[in-house]
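Structure first, then comments.
The values are calculated or read from the model by the stated rules, or taken from the named source; none is laboratory data. Every value quoted in this text rests on a predicted model; they were computed, and no experiment measured them. Cβ placement follows ideal geometry from the backbone for every residue including glycine, while neighbour counts extend to all protein chains displayed. Side chains included, ligands, DNA and RNA excluded: accessible areas come from the protein's heavy atoms. Shrake-Rupley method; radii C 1.70, N 1.55, O 1.52, S 1.80 Å.
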Amino acid sequence: MKTRIVLFFLMGMIQLGFAQSKFIDSLSKQFSIETDEKIKILLLSDIAYNYRLIKPDTALILGQKALGWAKKINFPPGESAALNAIGAIYRMVGDLQNAMLHCYKCI
């Protein structure tokens, strides 16, 4: 009985991993065909947020890129989305001080 429960749990985790990857792929595809800079910044922030569980280092780079881009074109909603993503990434890696700092800035 325990073996079945463990097997069922592992199968569920595998499905969750594949679903996450498909979602990131669809966001990446939308990012590549989008022409509006503001929407691209929001998409990049979403990609960074969703990468936090899989590749936190990549997620942090993407979040910082979105933040810099949003500041460059003076797009406050984009800055907020990027800061929120960066805060979530820091929270996932256990850096709570930076997580709180970035989440506080996004308010």
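What the table below lists for this structure:
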item	result
Count of residues meeting criterion [in a helix (DSSP H, G or I) and over 13 Å from L43 (Cβ atoms)] in the stretch 55-98	27
Residues that are assigned to a helix (DSSP H, G or I) and farther than 16 Å from V93 by Cα, drawn from the stretch 35-54	E37, K38, I39, K40, I41, L42, L43, L44, S45, D46, I47
Scan of the stretch 19-58 for residues that are within 14 Å of the chain's Cα centre (by Cα), under 26 Å from P76 (Cβ atoms) and aliphatic (A, V, I, L, M), ordered by number	I24, L27, I41, L42, L43, L44, I47, A48
N74, sole failed condition from (1) exposed (fewer than 14 other Cβ atoms within 10 Å of the Cβ); (2) under 9 Å from the mean Cα position of the chain (by Cα)	(2)
Count - residues of the stretch 40-62 that are open to solvent by 70 Å² or more (accessible area, probe 1.4 Å) and either free of Cβ contacts under 8 Å to residues at least 40 places away in the same chain or of a type in the set (D, E) (or both)	6
The stretch 21-34 - residue that is part of a helix (DSSP H, G or I) and in contact with a helix residue (DSSP H, G or I) (Cβ under 8 Å, 6 or more places away or on another chain) and, of those, most open to solvent (accessible area, probe 1.4 Å)	F23
